Amino acid sequence: MTGPQSGGVRPSPPPVTIANDAELIQALYGSLTHREGFHAFLELLTQAINGCAAQLLLVRKQPLQIEHLWYAGLSDEFLAWYLDNNMIAQDVVSNHAAYQPPGLFQSALPLLPAFNADEDYDKWESEQDMLDTAWLVVHANDTHSQLLTVQRTVAQGPYQDSELQELNRLVPYIRQAAQLYRQIDRRALAANSLAAVIDLLPDATFLLDDQAAIVHANSAAQQLVGRERQLVIADQRLAFSDRQVQNAFFRSTVQVVRSSMGREAYSADTLFLQRSGRPPLTLVLRPIENSELLSGGALVTVYDPGSRRLPSADLIAQYFSLSPAEARLCEDLVAGMSLQEAAARRHKTEATLRSQLKQVFQKTGHKRQGALISGILTALMH
């Protein structure tokens, strides 16, 4: 996912030998049924080859974008920066590997002379001390590529041929496990058991699996997609005309799905899809606890203020024991306003509203604005 940093010749550390192929292969095939998918395997692989981070990505070729990933060694801050700035367009590995046929592991260093990253990308690589990436095209077709990448810092040194050969011993197993994962279809079972429940919900609701693919959409969701040009279903995934919303949705689904697998604390989020001349659509993302049918996933509910009235300040104040001013702020946030817009509407300063928001967080137990809005809508939209 990250590219190498250019620079002068540096001394290489001794080559790394993967000491325990059996443990890696066991973790790899264990990913087929593991509640965390390939995350555990990537952590072991990163340690075994002395890397700093690893990713298994599903990449759409046109336009170039990430549709799903498992990862190890990446922070939420990095993912936010990478997606918000569309860094895949500057990523030397992604730009090259996404259009290559399946093969063996290769070093990214030979790609540098023909690639010109922008200033922001070069600055990030320098700050992170990135040097090299071992990359593998696991699977490819006309529209998508599946890539496995393992990064190294300057201190860890570039990949040597002997190390790439060590990694290549794993390639047949990686490719087979990825193919088996694609063939295991738990979604039909999940849809059969959950569809009846979701179909009873009045609002547009989508059930996503652990790869953020749509398992089921109720009739309200299908009608919504049919009339709203800002969102479509493409290759069993929600796609948005607004690039920023698309990136935010991807980042949120990664976090929400990870929390559904127990990888991190409960995580919910809220996004707003703007519409010309009409109130924005409100998308609430909540994790679904893993079960025998789903190893994790997300429930996406879309509220249309034009069809259903959003919670009023009075109702919010009563339910969450908030002051009138705090409840009015929540009413504005639920309607899709920014703090700046809410401040202008209420003739208050942003500093005043930020202070009120902190009080709301303390009273409701939420730590993020998106989670707060999700909590309000989940509690009061029936």
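The values are calculated or read from the model by the stated rules, or taken from the named source; none is laboratory data. As the structure is a computational prediction, the values presented were derived from the model and not from experiment. Positions of Cβ are generated from backbone atoms using ideal geometry, with glycine treated the same way; all protein chains shown enter the neighbour counts. For the accessible areas, the whole protein counts, side chains as well, though only heavy atoms, and no ligand, DNA or RNA atoms are used. Shrake-Rupley method; radii C 1.70, N 1.55, O 1.52, S 1.80 Å.
Is it the case that segment 310-328 has a residue that's within 25 Å of residue 219 (Cα to Cα), open to solvent by 30 Å² or more (accessible area, probe 1.4 Å) and among the charged types (D, E, K, R)?
No, segment 310-328 contains no residue that is within 25 Å of residue 219 (Cα to Cα), open to solvent by 30 Å² or more (accessible area, probe 1.4 Å) and among the charged types (D, E, K, R).
Does residue 351 satisfy the criteria of being surrounded by 14 or more Cβ atoms within 10 Å (Cβ to Cβ) and among the hydrophobic types (A, V, I, L, M, F, W, C)?
Numbers: surrounded by 14 or more Cβ atoms within 10 Å (Cβ to Cβ): no; among the hydrophobic types (A, V, I, L, M, F, W, C): yes.
For residue 351, the condition - surrounded by 14 or more Cβ atoms within 10 Å (Cβ to Cβ) and among the hydrophobic types (A, V, I, L, M, F, W, C) - is not met.
I need the strands (runs of 3 or more DSSP E) fully contained in segment 250-336, keeping only those with at least 1 residues that are in contact with a Gly (Cβ under 8 Å, 6 or more places away or on another chain) and either of a type in the set (A, V, I, L, M) or over 17 Å from residue 68 (Cβ atoms) (or both). It would help to see each step written out before you state the result.
Values: elements: 269-275, 278-288, 297-303.
Output list reads 269-275, 278-288.
Given the options 242, 235, name the one that is in contact (Cβ under 8 Å) with a residue 60 or more places away in the chain, open to solvent by 40 Å² or more (accessible area, probe 1.4 Å) and in contact with a strand residue (DSSP E or B) (Cβ under 9 Å, 6 or more places away or on another chain).
Values: 242 fails: in contact (Cβ under 8 Å) with a residue 60 or more places away in the chain.
Unique residue meeting the criteria: 235.
Does residue 125 meet the test of being of a type outside the set (Lys, Arg), modelled with pLDDT under 90 and either closer than 22 Å to residue 67 by Cβ or open to solvent by less than 30 Å² (accessible area, probe 1.4 Å) (or both)?
Details: of a type outside the set (Lys, Arg): yes; modelled with pLDDT under 90: yes; either closer than 22 Å to residue 67 by Cβ or open to solvent by less than 30 Å² (accessible area, probe 1.4 Å) (or both): yes.
So residue 125 passes the test.
If you scan segment 21-61, which residues turn out to be part of a helix (DSSP H, G or I), touching a strand residue (DSSP E or B) at 6+ places or on another chain (Cβ under 7 Å), open to solvent by 10 Å² or more (accessible area, probe 1.4 Å) and not β-branched (Val, Ile, Thr)?
Across segment 21-61, the qualifying residue is only 43.
Is it the case that segment 310-333 has a residue that's among the aromatic types (Phe, Trp, Tyr) and modelled with pLDDT of 90 or more?
From segment 310-333, those among the aromatic types (Phe, Trp, Tyr) are 319-320; that's our starting set.
If we keep only those that are modelled with pLDDT of 90 or more too, we end up with none.
No: segment 310-333 contains no residue that is among the aromatic types (Phe, Trp, Tyr) and modelled with pLDDT of 90 or more.
Return yes when residue 221 is among the small types (Gly, Ala, Ser), at pLDDT below 90 and out of contact with any helix residue (DSSP H, G or I) (no Cβ under 8 Å at 6 or more places or on another chain) and no when it is not.
Values: among the small types (Gly, Ala, Ser): yes; at pLDDT below 90: no; out of contact with any helix residue (DSSP H, G or I) (no Cβ under 8 Å at 6 or more places or on another chain): yes.
The answer is no for residue 221.
Considering only segment 354-374, I want to know if a residue exists there that is open to solvent by 10 Å² or more (accessible area, probe 1.4 Å), among the polar types (S, T, N, Q), in contact (Cβ under 8 Å) with a residue 60 or more places away in the chain and under 24 Å from residue 211 (Cα atoms).
Checked segment 354-374: no residue is open to solvent by 10 Å² or more (accessible area, probe 1.4 Å), among the polar types (S, T, N, Q), in contact (Cβ under 8 Å) with a residue 60 or more places away in the chain and under 24 Å from residue 211 (Cα atoms).
Taking the residues in segment 71-116 that are among the hydroxyl-bearing types (Ser, Thr, Tyr) and closer than 19 Å to residue 61 by Cα as candidates, determine which candidate is modelled with the lowest pLDDT. Show your work before the answer.
Here is the first cut: in segment 71-116, the residues among the hydroxyl-bearing types (Ser, Thr, Tyr) are 71, 75, 82, 94, 99, 107.
After this cut, where a residue has to be closer than 19 Å to residue 61 by Cα as well, the list is 82, 94, 99.
On the way: 82: 78, 94: 86, 99: 91.
Ranking the qualifying residues of segment 71-116, first place goes to 82.
Hey, residue 296 hits all of (1) on the phi > 0 side of the Ramachandran plot; (2) surrounded by fewer than 18 Cβ atoms within 10 Å (Cβ to Cβ) but one; which does it fall short on?
(2)
Taking the options 253, 282, name whichever one is under 30 Å from residue 72 (Cβ atoms), within 21 Å of the chain's Cα centre (by Cα) and either in contact (Cβ under 8 Å) with a residue 24 or more places away in the chain or surrounded by fewer than 20 Cβ atoms within 10 Å (Cβ to Cβ) (or both).
Sole residue among the options that is under 30 Å from residue 72 (Cβ atoms), within 21 Å of the chain's Cα centre (by Cα) and either in contact (Cβ under 8 Å) with a residue 24 or more places away in the chain or surrounded by fewer than 20 Cβ atoms within 10 Å (Cβ to Cβ) (or both): 253.
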